[in-house]
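Novice: Before we start, here is the structure in question, set down as structure tokens.
The values are calculated or read from the model by the stated rules, or taken from the named source; none is laboratory data. These numbers come from a predicted model, not from an experiment. In this analysis, Cβ positions are derived from the backbone assuming ideal geometry, glycine residues included, and neighbour counts consider all displayed protein chains. For accessibility, only protein heavy atoms count, side chains too; no ligands or nucleic acids. Shrake-Rupley method; radii C 1.70, N 1.55, O 1.52, S 1.80 Å.
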Amino acid sequence: MGEATRTVWTRKDLIGIDGLGRDELELILDTAPQFAGVSARKSGIKRVPLLQGRLVVNWFHEPSTRTRTSFELAAKRLSADTLGIAASTSSSVKGETLHDTLSNIEAMHADVIVLRHGCAGAPHILAAAHESHIVNAGDGRHEHPTQALLDAFTMREHIRRVREDPEATLDGVKVTLLGDITHSRVARSDIMCLNALGAEVTLCGPATLLPMEIERMGVRVTYDLREAVHEADVLYALRIQLERQKAGLFPSLREYIRLFRLDNESLKHAPEHALIMHPGPINRDIELAAEVADGPRSVILEQVTNGVAIRMAILHLLVNGG
Amino acid sequence: MSLIIKNGHLIEPTQGISEPMDVLIDGDTVRRVGKDLDGDEVMDASGCVVCPGLVDIHVHFREPGYESKETIASGGRAAARGGFTTVVPMANTNPVIDNAGMVEFVNRRARETACIRVRPAASATKGMKGAEITEMAELKDVGAVAVTDDGKDIASSALLRRVLEYARMVGLPYLAHCEDEALAEGGHMNEGYTATHLGIPGIPKAAEEIRIDRNIRIAELTGAHVHIQHVTTKEGMAIVRRAKEKGIRVTCETGPHYWMLTDDAVRGFSTNAKMNPPLREEEDRLAIIEGIKDGTVDCLATDHAPHTRTEKEVEFEYAPFGVVGLETCLAMAVTGLVEPGHISLERMVELLTLGGARICNLEDAGVLREGGPADITIFDPKAEWTVDAGRFLSLSRNSPFDGMTVRGLVKRTLCAGRTVYEG
């Protein structure tokens, strides 16, 4: 009997779920629990020295509280030095190119660059041309890989707990993503991540917010909320940007709520055990009724807690290998 | 002193010539075409095709206004390297080529600095603002060969009607960039699976097709000659084909990237795969080739659109639309159209010479005949080479073909009897 080959992390960057193998995704998920333990220490120091003396730069071209804070905490709990750069305007507006800005940051010997950017592919073009480790903290509508990993981790942990099976996987788990898919980087990364891990993904939202040929990403699409929640193990509501209504993508919040809100009424059609998830920030009572967001099925705050652990795992794997 | 091009295979579409022939040049004129000719200086064209200088009726030379992208001089050198001896630059410079003075400026700069023939197009509306018609009669008098607001469509169908009625009266073709602005707004690549996967806002094919259809219908209404630029979709090609069957005065072009590439080239976020209209899907690429094969396409044109490295080395969504094409066009035609057997070498030469010359009524271009100008391209259709954008003569490097190994290499280009490029 041969021993199973142990997966080793060899990539310089984490720029997307796209292209990662199941073994790599699971390596990240399997690395996270030890870091969840660090953050949860009741006594002593919530910190390990794995990134001591390293510099992690949080470079955010778009406003973000949750993701930026989560990365900053992850870096600090690994004992790294952190630096935040907020660029409120695009590089082209400022007159400095993205490459030039990164070259300047690198000239100060940064180790890891965590980039949030409004344009799809921004971390990809940087990763290909620069030495530092690039982590994609969201690029346009394209990907948000750390969110997808923390989502998958949260689902898997929950299933393992409920099934009392520490080896349980997401194979066959039915996940429904609800809302604005077109503009959602979370949706794209979640679809790719969940598919790679064996889950079955259904999308539900207004036709105006579902992009062309999305089915080819390996998902089922429905406009009917009842059908979407029926048999779902996980119900994942996406944030609806209120300006989409002004752009004419749906007629009114009232109608959106009537067709797509997760509330006690629509949940009647879902299985008892279905988990409620959301990437935050929530528009209370719009995509998610308050009673559902705060209800017993909701694991929204667990997602936030797990986010730090997943990001610690990723920073550790990128810098130290594994 | 005379020059003799010997041992080459002459292809001359207007006379239906495709056989070994010598060409005797005296000064700027072709003196004789025939077998076993003699002259003072011998140019050996063994293994090569000798044909009329190529014609490209869709280029952007950026002068005046954007001289760091390209100038009339540098664009001319790039054209010569690609085998082109006559080009039609578009009017979207800064300021716009929308009055006789601007046409004369381009003509003067061409005379003073360009090694090939530059026959400018003028804008169809003042400042390309889509509001008032330009002084087309005077523009024609000073040498404009077409009117176009290329880069933009004319949104108002009522104004377009007047533009076409007037252009017909003056006798200038209207070169139509077909794009429904509202439908295309905010898009950066073809709308389809690849755009969905990459999260890049898309431009639907319908944005182009709706306006191909509208522009042709107004051509029919007015009797004007409308030339559809850069057709990229299967349905767009079908619309042009049907219009031609109906006898409407419409011609069309397509460009190398549309028969060579699909929107898959955007994966990796390469801004050199970003142009407008965008790269489409495989079924469209095949339909473009079909249109070239069946004669729906009247000419091949590059839409040579130079942008600096600084402008292109940015986020995909911030990058300007456009790719250079003059220095790779012939190779793409040989590699993508002739070698796979879609069209003959003779037909390729016709599409790259006479096709465009006829559309813009460029009387002496696209022909090689005794007594005519010695605008001649000599190329080796079998020679293999690798595209190296770093060696382009264009000021810009934004080619989607960089690094590609292709066949078909220009050996020498003569314009008015003078060697303007030698490889």
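Novice: Got a sec? Which of A:Ala199, A:Ala168 is in contact with an Asp or Glu (Cβ under 8 Å, 6 or more places away or on another chain), free of Cβ contacts under 8 Å to residues at least 60 places away in the same chain and assigned by TED's automatic domain parsing to the domain that holds A:Arg216?
Specialist: Working: A:Ala168 fails: in contact with an Asp or Glu (Cβ under 8 Å, 6 or more places away or on another chain).
Answer to the selection: A:Ala199.
Novice: Pairs please, first residue from the range B:177-200 and more than 7 Å from chain A (Cβ to nearest Cβ) and at pLDDT 95 or above, second anywhere and open to solvent by 10 Å² or more (accessible area, probe 1.4 Å) and assigned to a strand (DSSP E or B), Cβ atoms under 8 Å, 6+ apart in sequence or on different chains.
Specialist: From the range B:177-200, the pairs are B:Gly187/B:Gly202; B:His188/B:Gly202; B:Met189/B:Gly202; B:Asn190/B:Gly202; B:Ala195/B:Gly202.
Matching residues to (1) in contact with a strand residue (DSSP E or B) (Cβ under 6 Å, 6 or more places away or on another chain); (2) more than 29 Å from B:Arg77 (Cα to Cα):
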position: B:Phe269; (1), (2): no, yes
position: B:Ala273; (1), (2): no, no
position: B:Pro278; (1), (2): yes, no
position: B:Glu282; (1), (2): no, yes
position: B:Leu286; (1), (2): no, yes
position: B:Gly295; (1), (2): no, yes
position: B:Asp298; (1), (2): yes, no
position: B:Asp303; (1), (2): yes, no
position: B:Gly341; (1), (2): no, yes
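Novice: Continuing with the same structure: So if I check each of B:Glu104, B:Glu70, which one is modelled with pLDDT of 95 or more and surrounded by 24 or more Cβ atoms within 10 Å (Cβ to Cβ)?
Specialist: Details: B:Glu104 fails: surrounded by 24 or more Cβ atoms within 10 Å (Cβ to Cβ).
So the residue among B:Glu104, B:Glu70 that is modelled with pLDDT of 95 or more and surrounded by 24 or more Cβ atoms within 10 Å (Cβ to Cβ) is B:Glu70.
Novice: Next up: Give the residue that is farthest from the chain's Cα centre (by Cα), with candidates limited to residues of the range A:165-184 that are under 21 Å from A:Phe260 (Cβ atoms) and surrounded by fewer than 23 Cβ atoms within 10 Å (Cβ to Cβ). First the steps, then the outcome.
Specialist: Pass one, the range A:165-184, residues under 21 Å from A:Phe260 (Cβ atoms): A:174-184.
Now drop any that are not surrounded by fewer than 23 Cβ atoms within 10 Å (Cβ to Cβ), which leaves A:174, A:182-183.
On the way: A:Lys174: 18, A:Thr182: 16, A:His183: 14 Å.
Among those residues, the one meeting the criterion is A:Lys174.
Novice: Hey, could you check the range B:201-217 for residues that are away from chain A (no Cβ under 14 Å) and in contact with an Asp or Glu (Cβ under 8 Å, 6 or more places away or on another chain) and say which is farthest from A:Ala187 (Cα to Cα)? Please lay out each step first, then the result.
Specialist: Let us first name the residues in the range B:201-217 that are away from chain A (no Cβ under 14 Å), namely B:208-217.
Checking which are in contact with an Asp or Glu (Cβ under 8 Å, 6 or more places away or on another chain) leaves us with B:208-211, B:215.
Details: B:Glu208: 29, B:Glu209: 31, B:Ile210: 32, B:Arg211: 34, B:Asn215: 39 Å.
The residue in question is B:Asn215.
Novice: Let me ask something else. Going by the structure shown, is A:Gly84 within 14 Å of chain B (Cβ to nearest Cβ), more than 22 Å from A:Thr31 (Cβ to Cβ) and surrounded by fewer than 18 Cβ atoms within 10 Å (Cβ to Cβ)? Full working, then the answer.
Specialist: Working: within 14 Å of chain B (Cβ to nearest Cβ): no; more than 22 Å from A:Thr31 (Cβ to Cβ): yes; surrounded by fewer than 18 Cβ atoms within 10 Å (Cβ to Cβ): yes.
No; evaluated as a whole, the condition is false for this residue.
Novice: Further question: Would it be correct to say that A:Thr182 is in a helix (DSSP H, G or I) and either among the hydroxyl-bearing types (Ser, Thr, Tyr) or within 14 Å of chain B (Cβ to nearest Cβ) (or both)?
Specialist: Considered against the rule, which asks whether it is in a helix (DSSP H, G or I) and either among the hydroxyl-bearing types (Ser, Thr, Tyr) or within 14 Å of chain B (Cβ to nearest Cβ) (or both), A:Thr182 comes out as no.
Novice: For the range A:205-225, what are the residues that are more than 16 Å from A:Ile240 (Cα to Cα), among the hydrophobic types (A, V, I, L, M, F, W, C), touching an Asp or Glu at 6+ places or on another chain (Cβ under 9 Å) and not in a loop (DSSP other than H, G, I, E, B)? Write out each step before concluding.
Specialist: Of all residues in the range A:205-225, those more than 16 Å from A:Ile240 (Cα to Cα) come to A:212-222, A:224.
If we keep only those that are among the hydrophobic types (A, V, I, L, M, F, W, C) as well, we get A:212, A:214, A:217, A:219, A:221.
Keeping just the survivors that are touching an Asp or Glu at 6+ places or on another chain (Cβ under 9 Å) gives A:212, A:219, A:221.
Across the range A:205-225, the qualifying residue is only A:Val221.
Novice: Have a look at B:Arg62, B:Arg32, B:Arg77, B:Arg81 and point out the one that is over 18 Å from B:Leu414 (Cα atoms) and either touching a residue at least 60 places away in the same chain (Cβ under 8 Å) or surrounded by fewer than 21 Cβ atoms within 10 Å (Cβ to Cβ) (or both).
Specialist: Working: B:Arg32 fails: over 18 Å from B:Leu414 (Cα atoms); B:Arg77 fails: over 18 Å from B:Leu414 (Cα atoms); B:Arg81 fails: over 18 Å from B:Leu414 (Cα atoms).
Answer to the selection: B:Arg62.
Novice: May I pose another question? Can you tell me which residue within the range B:289-316, out of those that are open to solvent by less than 10 Å² (accessible area, probe 1.4 Å) and part of a loop (DSSP other than H, G, I, E, B), is nearest to the other protein chains (Cβ to nearest Cβ)?
Specialist: Here the answer is B:Glu315.
Novice: Out of the residues in the range A:229-267 that are among the polar types (S, T, N, Q) and not in a loop (DSSP other than H, G, I, E, B), which is farthest from A:Gly172 (Cα to Cα)?
Specialist: Within the range A:229-267, the subset among the polar types (S, T, N, Q) is A:241, A:245, A:252, A:264, A:266.
With not in a loop (DSSP other than H, G, I, E, B) added as a condition, the list becomes A:245, A:264, A:266.
Values: A:Gln245: 35, A:Asn264: 26, A:Ser266: 23 Å.
So, considering only residues that are among the polar types (S, T, N, Q) and not in a loop (DSSP other than H, G, I, E, B), the one farthest from A:Gly172 (Cα to Cα) is A:Gln245.
Novice: Kindly evaluate B:Asp98 against the criterion of being surrounded by 17 or more Cβ atoms within 10 Å (Cβ to Cβ), free of Cβ contacts under 8 Å to residues at least 24 places away in the same chain and either in contact with a Phe, Trp or Tyr (Cβ under 9 Å, 6 or more places away or on another chain) or charged (D, E, K, R) (or both).
Specialist: Taking the combined requirement at face value, the residue does not satisfy it.
Novice: Could you list, in sequence order, all residues of the range B:190-204 that are within 14 Å of B:Thr233 (Cβ to Cβ) and crowded, with 22+ Cβ neighbours inside 10 Å? Break it down into steps so the answer makes sense when it comes.
Specialist: Taking the range B:190-204 and keeping what is within 14 Å of B:Thr233 (Cβ to Cβ), we get B:190-192, B:202-204.
Correct list: B:Asn190, B:Glu191, B:Gly192, B:Gly202, B:Ile203.
Novice: Can you name the residue in the range B:317-353 that is of a type outside the set (Ser, Thr, Tyr) and within 14 Å of another protein chain (Cβ to nearest Cβ) and, of all such residues, is nearest to the chain's Cα centre (by Cα)? Talk me through it step by step, then tell me what you get.
Specialist: Taking the range B:317-353 as the starting set, the residues that turn out to be of a type outside the set (Ser, Thr, Tyr) are B:317, B:319-327, B:329-334, B:336-343, B:345-352.
Remaining after also requiring within 14 Å of another protein chain (Cβ to nearest Cβ): B:317, B:319-320.
On the way: B:Glu317: 26, B:Ala319: 22, B:Pro320: 19 Å.
Applying the filter and picking the extreme gives B:Pro320.
Novice: Of all residues in the range B:153-166, which are open to solvent by 40 Å² or more (accessible area, probe 1.4 Å) and touching a strand residue (DSSP E or B) at 6+ places or on another chain (Cβ under 9 Å)? I'd like the intermediate steps shown before the answer.
Specialist: Within the range B:153-166, the subset open to solvent by 40 Å² or more (accessible area, probe 1.4 Å) is B:155-158, B:161-162, B:165-166.
Scanning the range B:153-166 gives B:Arg162, B:Tyr166.
Novice: Here is a follow-up. What is the number of the single condition among (1) touching a residue at least 24 places away in the same chain (Cβ under 8 Å); (2) within 24 Å of A:Thr146 (Cβ to Cβ); (3) outside the structural domain of A:Lys76 (by TED's automatic domain parsing) that A:Ala309 does not meet?
Specialist: For A:Ala309, the exception is condition (3).
Novice: If you don't mind, there's one more thing I want to ask. Taking the range A:113-134 as the search range and keeping residues that are away from chain B (no Cβ under 13 Å) and part of a loop (DSSP other than H, G, I, E, B), which one is least open to solvent (accessible area, probe 1.4 Å)?
Specialist: Going through the qualifying residues, I end up with A:Ser132.
Novice: Is it true that some residue in the range B:340-357 is in a loop (DSSP other than H, G, I, E, B), open to solvent by less than 30 Å² (accessible area, probe 1.4 Å) and either free of Cβ contacts under 8 Å to residues at least 60 places away in the same chain or on the phi < 0 side of the Ramachandran plot (or both)?
Specialist: Initially, the range B:340-357 is screened for residues in a loop (DSSP other than H, G, I, E, B), giving B:340-344, B:353.
Right, trim to open to solvent by less than 30 Å² (accessible area, probe 1.4 Å) and you get B:343, B:353.
From the residues that got through so far, the ones that are either free of Cβ contacts under 8 Å to residues at least 60 places away in the same chain or on the phi < 0 side of the Ramachandran plot (or both) too are B:343, B:353.
There is at least one residue in the range B:340-357 that is in a loop (DSSP other than H, G, I, E, B), open to solvent by less than 30 Å² (accessible area, probe 1.4 Å) and either free of Cβ contacts under 8 Å to residues at least 60 places away in the same chain or on the phi < 0 side of the Ramachandran plot (or both).
Novice: So, in the range A:272-298, of the ones that are among the β-branched types (Val, Ile, Thr) and open to solvent by 10 Å² or more (accessible area, probe 1.4 Å), which residue ends up farthest from A:Cys204 (Cα to Cα)? If you could, list the steps in order and put the result at the bottom.
Specialist: To start, the set of residues in the range A:272-298 that are among the β-branched types (Val, Ile, Thr) comprises A:276, A:282, A:286, A:292.
Then drop every residue that is not open to solvent by 10 Å² or more (accessible area, probe 1.4 Å), which leaves A:282, A:286.
Details: A:Ile282: 18, A:Ile286: 15 Å.
Filtering the range A:272-298 for residues that are among the β-branched types (Val, Ile, Thr) and open to solvent by 10 Å² or more (accessible area, probe 1.4 Å), the one farthest from A:Cys204 (Cα to Cα) comes out as A:Ile282.
Novice: Which one of the conditions (1) outside any loop (DSSP other than H, G, I, E, B); (2) more than 30 Å from A:Arg6 (Cβ to Cβ); (3) open to solvent by 10 Å² or more (accessible area, probe 1.4 Å) does A:Glu302 fail to meet, given that it meets all the rest?
Specialist: (2)
Novice: Can you tell me which residue is least open to solvent (accessible area, probe 1.4 Å) among those in the range A:202-220 that are without any contact (Cβ under 8 Å) to a residue 24 or more places away in the chain and within 12 Å of another protein chain (Cβ to nearest Cβ)?
Specialist: Once the filter is applied, the top-ranked residue is A:Glu213.
Novice: Something else: For the structure I just gave you, tell me whether B:Arg285 is modelled with pLDDT of 95 or more, more than 14 Å from chain A (Cβ to nearest Cβ), crowded, with 20+ Cβ neighbours inside 10 Å and not in a loop (DSSP other than H, G, I, E, B). I'd like the intermediate steps shown before the answer.
Specialist: On the way: modelled with pLDDT of 95 or more: yes; more than 14 Å from chain A (Cβ to nearest Cβ): yes; crowded, with 20+ Cβ neighbours inside 10 Å: yes; not in a loop (DSSP other than H, G, I, E, B): yes.
Yes.
Novice: Within the range B:213-232, can one find any residue that is crowded, with 19+ Cβ neighbours inside 10 Å, touching a strand residue (DSSP E or B) at 6+ places or on another chain (Cβ under 9 Å) and charged (D, E, K, R)?
Specialist: Filtering the range B:213-232 down to residues crowded, with 19+ Cβ neighbours inside 10 Å leaves B:215-216, B:218-219, B:222, B:224-232.
The next check asks that each one be touching a strand residue (DSSP E or B) at 6+ places or on another chain (Cβ under 9 Å); those that pass are B:215-216, B:218-219, B:224-232.
Subsequent filtering for residues that are charged (D, E, K, R) retains none.
So far as the range B:213-232 goes, no, none of its residues is crowded, with 19+ Cβ neighbours inside 10 Å, touching a strand residue (DSSP E or B) at 6+ places or on another chain (Cβ under 9 Å) and charged (D, E, K, R).
Novice: Related question: Any chance you could count how many residues in the range B:1-56 are of a type outside the set (S, T, N, Q), more than 18 Å from B:Gly423 (Cβ to Cβ) and touching a helix residue (DSSP H, G or I) at 6+ places or on another chain (Cβ under 6 Å)?
Specialist: Looking only at that region, the number is 3.
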